[in-house]
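Some notes on the structure that comes next.
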Amino acid sequence: LHLRIPPLRDRSEDIPTLIWHFLRSFNSKLSERVQEDFAQVFESAFAYSYPGNIRELINIVERFAVLADVDRTDTAYFTALCQMCLYPDAAAAISELAETLGISRATLYNKLRGCRKH
């Protein structure tokens with residue numbers, strides 16, 4: 001049996017549903033926290049091309065779920081975290097990101113190192 005499944009970039013309408021599914025499976029408490037602002041928080045993730053296809057989407061959502069502070073309520077925090085998960089190697093803005101997330105740069109580096117091990 002040979003199945004041809006189109007890449008995510010060709011079926012972008014599936015991306016929000018997939019992100020929501022994996023977010024709930026990785027952290028239901030977090031999914032409840034971002035439910036109201038889901039479209040805003042993940043707007044950049046909806047437009048991302050996912051060159052690694054579904055595996056990359058899963059890794060990004062898992063990274064988001066692992067790094068997120070579920071006690072935070074501000075949309076800006078979750079939006080910045082989503083950006084960091086999409087572009088983890090964009091180190092130029094790491095100080096600003098740590099400040100937005102309300103953590104030190106050292107803590108951010110430690111969290112990023114922990115995510116790369118998984």
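The values are calculated or read from the model by the stated rules, or taken from the named source; none is laboratory data. These numbers come from a predicted model, not from an experiment. Cβ sites come from the backbone with ideal geometry, for glycine too, and all protein chains shown count toward neighbours. For accessibility, only protein heavy atoms count, side chains too; no ligands or nucleic acids. Shrake-Rupley method; radii C 1.70, N 1.55, O 1.52, S 1.80 Å.
What the table below lists for this structure:
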| read-out | value |
| --- | --- |
| Total residues in the stretch 1-46, condition within 16 Å of residue 70 (Cα to Cα) and among the acidic types (Asp, Glu) | 3 |
| Counted residues, the stretch 1-14 - those being charged (D, E, K, R) and surrounded by 13 or more Cβ atoms within 10 Å (Cβ to Cβ) | 1 |
| Among the residues listed as 110, 59, the single one being at pLDDT 85 or above, open to solvent by 40 Å² or more (accessible area, probe 1.4 Å) and either part of a helix (DSSP H, G or I) or over 22 Å from residue 31 (Cβ atoms) (or both) | 59 |
| Filter pass, residue 75 being farther than 30 Å from residue 4 by Cα and exposed (fewer than 13 other Cβ atoms within 10 Å of the Cβ) | no |
| Search result, residues across the stretch 15-51 that are among the small types (Gly, Ala, Ser) and open to solvent by less than 40 Å² (accessible area, probe 1.4 Å) | 31, 44, 45 |
